[in-house]
Amino acid sequence: MPKIVLTTDETLSSDYCFIVPLFFVPIGVLKEEEFFKTSKFTQEQWKLLALCWRHNFYWIKDLEKEYLYKTKWIKRKGLEIMTNYTLRKVEPYLKLMEEGINPLDYEKKNK
């Protein structure tokens, strides 16, 4: 399995973009291979996913403003409320991922 190297590169947050990690999907010649599953994530992969989402959350408000500036006020406000709600709900999971912990397993063990 390839190694993932994480760095605390401060320039990542200055890049105005949305990062979407892609997972392996077996198609074509590789159709007999196994799908990539979060149950097999390493600590480093959880940290990488958290890093990507932390970056996305950093920019989400600016992206909303840029792409929705011509829409009606009520639509913008509705999306803003949904975004804030989502960010609050995701935060505990994101903190676990930053520690390299599978948030789905953690939740099951602590119920």
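The values are calculated or read from the model by the stated rules, or taken from the named source; none is laboratory data. What you are looking at is a predicted structure, and each value in this text was computed from that prediction instead of being measured. FYI the Cβ positions are ideal-geometry reconstructions off the backbone, even for glycines, and counts take in every protein chain you see.
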Q | Failed condition for TYR58, given (1) over 25 Å from LYS40 (Cα atoms); (2) among the hydroxyl-bearing types (Ser, Thr, Tyr); (3) in a helix (DSSP H, G or I); (4) free of Cβ contacts under 8 Å to residues at least 40 places away in the same chain | A | (4)
Q: Look through region 24-35, keep the residues that are surrounded by 10 or more Cβ atoms within 10 Å (Cβ to Cβ) and in a loop (DSSP other than H, G, I, E, B), and return whichever of them is modelled with the lowest pLDDT.
A: PHE24
Q: With respect to VAL90, determine if the residue is hydrophobic (A, V, I, L, M, F, W, C) and at pLDDT below 85.
A: no
Q | Looking only at region 67-108, and only at residues there that are part of a helix (DSSP H, G or I) and hydroxyl-bearing (Ser, Thr, Tyr), the one that is nearest to THR42 (Cα to Cα) | A | TYR106
Q | Residue among TYR106, TYR16 that alone is in contact (Cβ under 8 Å) with a residue 40 or more places away in the chain and touching a helix residue (DSSP H, G or I) at 6+ places or on another chain (Cβ under 7 Å) | A | TYR16
Q) Does LEU51 satisfy the condition of being modelled with pLDDT under 75 and either in a helix (DSSP H, G or I) or surrounded by 10 or more Cβ atoms within 10 Å (Cβ to Cβ) (or both)? A) no
